[in-house]
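Participant: Provided herewith is a single structure, encoded as structure tokens, for subsequent inquiry.
What follows draws every value from the coordinates through simple rules; no lab data is involved. Because the structure is a prediction, the values reported are computed rather than measured.
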């Protein structure tokens, strides 16, 4: 995939190496229609730490997946995966 960013155009793999990005996350974001700058510059949400996981799990029966996803700024699919792993 060829990508233009900050006035330069090169292969996505080169951008990944140059900017030290996570390949799978960046590729997913671009395939999902994210703007290149947003895909490259948005940090990956570190929700996998145990405290946050515990908080998300505790909301399973108190909030909807949509509300929980918005609160933690992660996808509803992530909420389904977390709630399904209890």
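Participant: With n ≥ 4 as the cut-off for DSSP H runs, can you work out [θ] at 222 nm for the chain, using -39500 (n - 2.57) per run divided by the number of residues, rounded to the nearest 500? Present the calculation step by step, with values, prior to reporting the outcome.
Facilitator: Working: 6 runs with 48 residues, N = 86.
That calculation yields -15000 deg cm²/dmol at 222 nm.
Participant: Based on the Cα gyration tensor of the chain, what are the three equivalent ellipsoid semi-axes, each the root of five times an eigenvalue, rounded to whole Å and given largest first? Each step should come with its number before you reach the end.
Facilitator: Numbers: eigenvalues 201, 29, 20 Å².
Semi-axis lengths for the chain are 32, 12, 10 Å.
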